[in-house]
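Following: one structure in structure tokens, then a few remarks.
The values are calculated or read from the model by the stated rules, or taken from the named source; none is laboratory data. Here the structure is a predicted model, which means the values were calculated and not measured. Using ideal geometry, Cβ is built from the backbone for each residue, glycine included, and neighbour counts are taken over all protein chains shown.
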Amino acid sequence: MSVNKVILIGNVGQDPELRATQDGRELANFSLATTESWKDKSTGERKDKTEWHRIVVFSQGLVGVIKNYVKKGSKLYIEGQLQTRKWTDDKGVDRYSTEIILQNFNSSLQILTKKEDSGYQPTESQKREHDDSFDKAVNNAFDEALPDDNIPF
């Protein structure tokens with residue numbers, strides 16, 4: 001038995017990039033920054049180390065949530081899997097990219113950014129509409145992640 005599970009909480013580095021596969025399915029790419037902070041014992045100075053993670057989302061429901069609600073600076077909780085791709089650059093050199101993949105039922109995305117922290121001040125009717133559409137998007141993402149076949153338990 002083996003496990004390939006990644007859990008990250010971090011901030012989106014730039015607005016997500018949305019693309020379509022050759023068969024017309026949408027996918028989303030973005031970078032997520034996680035920062036570790038500590039106090040240097042010798043100097044007492046506060047230090048930070050930021051790691052950047054490449055996130056690729058194939059789950060259509062989650063792509064819809066990202067498309068409508070995620071932007072640069074959003075704080076996210078994600079669960080996915082590590083995947084390394086091999087590719088060849090323009091000079092014929094083999095390169096490798098390790099990404100966190102969100103697809104199917106084994107992935108999760110939660111937006112941790114408070115609405116009031118985004119700088120956007122919607123009217124009351126926009127708030128209700130936003131809440132309703134967010135709930136529908138999350139429910140659709142959950143429904144889509146469930147397998148179509150009957151589960152025997």
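Restricting to strands (runs of 3 or more DSSP E) lying wholly in the stretch 1-113: which have 2 or more residues that are among the hydrophobic types (A, V, I, L, M, F, W, C) and surrounded by 11 or more Cβ atoms within 10 Å (Cβ to Cβ)? Working first, answer last.
Working: elements: 6-12, 17-20, 26-39, 46-57, 75-88, 94-102, 108-111.
Correct list: 6-12, 26-39, 46-57, 75-88, 94-102, 108-111.
Could you tell me whether the stretch 61-69 includes any residue that is farther than 25 Å from ASN4 by Cα, modelled with pLDDT under 95 and charged (D, E, K, R)?
The answer is yes; a qualifying residue exists.
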